[in-house]
1. When the accessible area of region 257-394 is split by element with a 1.4 Å probe, what percent falls to carbon and sulfur?
2. Hey, got a sec? Which trypsin sites (Lys or Arg not before Pro) in region 183-276 land in a DSSP loop and have at most 10 other Cβ atoms within 10 Å?
3. To two decimal places, what compactness ratio does region 289-407 give when its Cα radius of gyration is scaled by 2.2 N^0.38 Å?
4. Students often get this wrong: which residues of region 77-96 have the backbone nitrogen under 20 Å from the point 7 angstrom along Cα-to-C-beta of LEU64?
5. For the chain, give me the percentage of DSSP beta bridges that are antiparallel, rounded to the nearest 5 percent.
6. Accessible area per residue of the chain at 1.4 Å probe, in Å²?
7. Using only the heavy atoms of the protein chains and a 1.4 Å probe, how would VAL68, VAL405 rank by accessible area, largest first?
8. Looking at region 354-383, which trypsin sites (Lys or Arg not before Pro) are in a loop (DSSP not H, G, I, E or B) and have at most 13 other Cβ atoms within 10 Å?
Amino acid sequence: MTEDATGDKSTSDKPWPVRVVSQKIGQWIGRLGWIWIDGQVTQVVRRPGTNTVFITLRDPSADLSLSVTTNRDVVDLGAPALADGARIVVHARPEFYAARGSLSLRADEIRQVGLGELLARLEQVKRLLQAEGLFARERKRRIPFLPRRVGLITGRASAAERDVLTNARRRWPAVDFRVINVAVQGASAVPQIIDALNVLNRDESIDVIVIARGGGSVEDLLPFSDEALCRAVFACRTPVVSAIGHEPDTPLLDFVADVRASTPTDAAKRIVPDLGEEVRLIGQAKQRLDRALRGLLDREQHRLDALRSRPSIARPLTMVDSRAAEVSALRDRATRNLLHRVDRAGTALEHTLARLRTLSPKATLQRGYAIVQREDGAVVRAPDDVAAKDRVRIRLADGSLAATVEG
């Protein structure tokens, strides 16, 4: 047993004809009844001679559209100035046209969304994105000081494009741009901007992406508060600069982008440096570096001069000369002391020699004395020391004599 789309039970697995399937789908859709639907108008067709108005209604947050059929009186009553890009709420009943297999809406009431309701919806989306962390400051990336190439998403031949290109090239003439022109308001703006964003994000040569648009009403700037666009910008790996409208304009894109520029001209100032200003800063830095280097050299020169003025450095031989003089004086003193000691020793030796000579027996012998010795060598000091006939030896200064004692 199988269950069909309407909940009816079927006891057969036999294939259904197309018309049966179409009828079943129509029956299921018919059960939805009347509902309120919010969307953005992408096309309004009023056919001459008929009271029927055909409206194409798009979901701003998804690439999805539905056809709405209504009466001219309903449009004139609820939204008399209805045009492409308007935000409306319709009270409609879904209808499935079985012959063509298409889904449409039959509206009996249309309300154009006012500014207050738009702002309330934007505030609701803003709180949602903020709670998810899309506005977190810590995830925002710094744009490079000098990008190799800048991606620019803006309207064709718009003042915003001219302001960004002119001011950026005036500041840095060598800046390179890749420009993608898109619709910047209306129903097709968000898909085109997201497509351009994806193209530039995949380009490895792009270092920063600028989304720029001139001023306008809240309704004109509504695409730049679209949730899908905000999420696409958040998912980009390349830093994104938001340059939408004027200073008071704050679409949600400003909170999600990595850098918020108040105007397209301000964006040009933020993405590239000013060549003249950088040259001036380089000149100032060079002057400061020169002054610092000269100051360092002067201080080191003063230190060298102070070191060189020291006696040990200015006259390094002075210390050697003084030490040489001390060594010479010590050597002379040592020489004098040694000579004096030698002289004293020589004098004492002479005195000792003189005394030895005076006390020497030989000196006595030279004066005419003689020494008489017995044969055993004993000195004869008295006559009794020898007897007659004893042989003695007489020592003289120049020799000796042998003698015999006679008496």
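1. Numbers: 6320 of 11010 Å².
In region 257-394, the share of accessible area belonging to carbon and sulfur is 57 percent.
2. Values: sites: ARG202, ARG213, ARG231, ARG237, ARG260, LYS269, ARG270; in loops: ARG237.
When the trypsin sites (Lys or Arg not before Pro) of region 183-276 are filtered for loop state and at most 10 Cβ neighbours within 10 Å, ARG237 remain.
3. Numbers: Rg = 41.1 Å, N = 119, 2.2 N^0.38 = 13.5 Å.
Cα Rg divided by the expected 2.2 N^0.38 Å: 3.04.
4. Inside the label zone: 85-96.
5. Details: 42 of 61 bridges.
Around 70 percent of the beta bridges assigned by DSSP in the chain are antiparallel ones.
6. Working: 25620 Å² over 407 residues.
Per-residue accessible area for the chain comes out at 63 Å².
7. Values: VAL68 5, VAL405 25 Å².
So, going from the largest accessible area down, we get VAL405, VAL68.
8. Numbers: sites: ARG355, ARG357, LYS362, ARG367, ARG374, ARG381; in loops: ARG367, ARG381.
In loop regions of region 354-383 (DSSP not H, G, I, E or B), the sparsely surrounded trypsin sites (Lys or Arg not before Pro) are ARG367, ARG381.
The values are calculated or read from the model by the stated rules, or taken from the named source; none is laboratory data. Worth saying up front: this structure is predicted, and the values here are computed from it rather than measured. Here the Cβ is made from the backbone with ideal geometry for all residues, glycine too, and neighbour counts use every protein chain on show. Ligands, DNA and RNA are excluded from the accessible area calculation, which covers all protein heavy atoms including side chains. Shrake-Rupley method; radii C 1.70, N 1.55, O 1.52, S 1.80 Å.
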